[in-house]
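Following: one structure in structure tokens, then a few remarks.
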Amino acid sequence: MSKPMDLKIQGLAQSAGGRVRREKSGLRHSAAALILAALGCLAALRAVAAPSLLIELNSGDVLYQDHATQPWFPASLTKLMTVYVALKAVQDHRISLDTPLTVSARASAMPPSKMAFRPGTLVTLDTALKILMVKSANDVAVTVAEGVSGSVEAFAGEMNAAASSLGLQQSHFVNPNGLPDPNHYSSARDLAVLARALYLSFPEHADLFDIGALEMDGRVITNHNNLLGRYPGVDGMKTGFTCAAGFNVVASATQGGKKLIAVVLGAPNVALRTIKAAALFDRGFAGIDRPSGTLAGLSLQGGAPPDMGNAVCRNRGRAIAEFSAENEQLIAPLEAANSQAFASTQGSAFYSSSALSRMSPMATRITLVPAPTFEPVPIAIAGYAAPASVARGAPANTQTPPAVSAYAPAVSPALAATSAQLKPDDQALPMKGGAKPSRHARALAARHLAAAQAARRETHGKIAEASSKKTKTAHHGHAGAAQTADAVGDADAASAVKPGRAAKGRHGKDKAAHIKSAETPAPSGKTKAQGHLKQQPAKTSSAKANSAEAAPKAGQAGAKKAETSE
């Protein structure tokens with residue numbers, strides 16, 4: 001190969017290598033840019049995701065907070081404010097817990113979760129508040145609002161007035177149930193302030209938030225708060241969910257005389273919400289988180305509440321991964337501290353499952369705890385009234401219609417007063433497999449049976465008479481042929497004609513005599529009627545026609561019998 005050719009090939013190789021290096025460099029820069037963009041997206045998501053807060057009830061000190069002042073949709077946590085306004089009205093003697101509230105058409109039209117009470121149903125305020133905390137019924141929330149303030153709009157005004165007086169600086173309410181509305185929002189900070197106010201302002205009603213289940217008409221309604229009965233010391237409060245808000249919870253727990261309130265917002269599912277709340281309680285009771293300020297000292301964050309619908313109700317895989325990572329970060333210090341405590345008390349040679357379970361954080365095993373069984377609190381409706389709206393302060397119609405039941409009482413009041421007993425219907429016939437009918441009923445059935453049999457005999461007699469008349473006409477037509485026949489044929493013709501002539505000559509005889517002669521046995525062992533039908537097959541069509549004409553009459557008689565029998 002010539003030298004110029006070698007130089008040319010070498011130049012081409014150097015040029016190609018330069019292009020490869022430049023392409024690799026470009027790919028590295030592109031990858032770096034993509035990584036930075038992804039990190040930026042994650043940072044943006046984390047800036048609005050999963051607010052959480054842990055406070056000490058008595059002092060109001062903040063033990064842990066993460067985006068606690070981020071505006072958020074509260075969902076059914078709104079009902080905590082609904083309960084606050086209602087209890088404040090009771091405290092001010094504007095209404096009592098025994099006051100019956102009327103379910104309006106507006107309340108009945110609310111979407112689930114709901115009790116599905118029909119308009120006009122009466123429930124006391126006490127029952128309604130229990131339903132709010134356990135069932136989280138949207139229809140009952142509207143019933144409470146209308147019963148306390150006269151309308152949903154007036155009640156929302158009272159909610160906002162209460163929020164202002166309590167220092168809820170990031171909250172605005174437009175309805176009593178938390179159904180989605182862009183102008184209905186709060187924050188973890190404000191919800192913690194509200195929860196603390198409920199316990200401190202109405203300590204006599206603290207058990208309202210600790211009801212595990214209700215029972216109404218044999219139906220058991222379980223609380224949505226699955227921390228109750230699972231985490232030691234949990235004694236309230238409320239859960240909430242919408243796609244825009246995610247899975248929210250405000251929970252309280254008491255251990256060793258120390259009461260904590262945890263707020264978790266925007267979880268992608270119930271399990272992760274429960275784990276995070278348990279992790280906050282674990283940290284607070286273990287002393288890992290120390291007071292870092294007060295609720296009033298938290299700096300407020302502006303902006304509109306984020307819509308979590310895509311991350312919670314559609315593409316939740318990414319949200320679950322991120323939320324799980326946050327939970328692991330919360331639990332990691334607990335596991336490290338527990339490992340050290342376990343090693344110092346037990347040593348490296350002694351391990352037991354009970355000791356490990358005592359030392360492991362509750363957050364790591366809260367979802368494995370079986371569902372608890374609660375003794376349900378019985379509730380009932382107070383009756384029914386007209387479904388018209390009831391203005392505030394107007395007396396409710398407490399008169400209820402007679403109770404409707406699928407079962408009759410053992411002894412009605414009228415019978416109890418007169419000691420009279422109902423007699424059975426003499427004409428009643430027993431059902432299949434029932435008791436023996438009475439004598440009168442048996443006699444009545446016998447009369448119906450006899451009438452039916454007489455009708456059948458009469459029908460059969462008419463059919464036989466019509467058939468006999470047609471037979472006589474046919475025999476007269478064969479008389480001439482009998483005279484010219486031979487001896488054997490003459491005898492056969494005579495045997496066929498004589499019965500017809502005998503019947504024709506008996507003008508004074510009645511119908512019963514004719515039927516009796518027709519039933520006299522023939523020498524062949526068959527009746528004359530049977531032999532005649534066999535010898536004259538053409539006559540069968542006329543008999544069938546007569547039978548068809550008589551059939552409707554028999555059917556009418558049977559229908560009449562059936563009507564009287566039943």
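The values are calculated or read from the model by the stated rules, or taken from the named source; none is laboratory data. Computed from a predicted structure; not experimentally measured. Counting neighbours? That spans all protein chains shown, and the Cβs are built from the backbone with ideal geometry, glycine included. We work out accessible area using only protein heavy atoms, side chains counted, and drop any ligands, DNA or RNA first. Shrake-Rupley method; radii C 1.70, N 1.55, O 1.52, S 1.80 Å.
Restricting attention to the range 209-218, which residues are in contact (Cβ under 8 Å) with a residue 24 or more places away in the chain and either part of a strand (DSSP E or B) or over 15 Å from VAL123 (Cβ atoms) (or both)? Hits for the range 209-218 are PHE209, ASP210, ILE211, GLY212, ALA213, LEU214, GLU215, MET216. Take the residues in the range 284-315 that are under 18 Å from SER59 (Cβ atoms) and either among the hydroxyl-bearing types (Ser, Thr, Tyr) or buried (at least 24 other Cβ atoms within 10 Å of the Cβ) (or both); name whichever of them is nearest to the chain's Cα centre (by Cα). Here the answer is THR294. Given the criteria open to solvent by 10 Å² or more (accessible area, probe 1.4 Å) and polar (S, T, N, Q), does THR222 qualify? Against the criterion (open to solvent by 10 Å² or more (accessible area, probe 1.4 Å) and polar (S, T, N, Q)), THR222 qualifies. Among the residues of the range 164-199, those identified as within 16 Å of LEU87 (Cα to Cα), open to solvent by 10 Å² or more (accessible area, probe 1.4 Å) and touching a residue at least 12 places away in the same chain (Cβ under 8 Å) are LEU166, ARG196, ALA197, TYR199.
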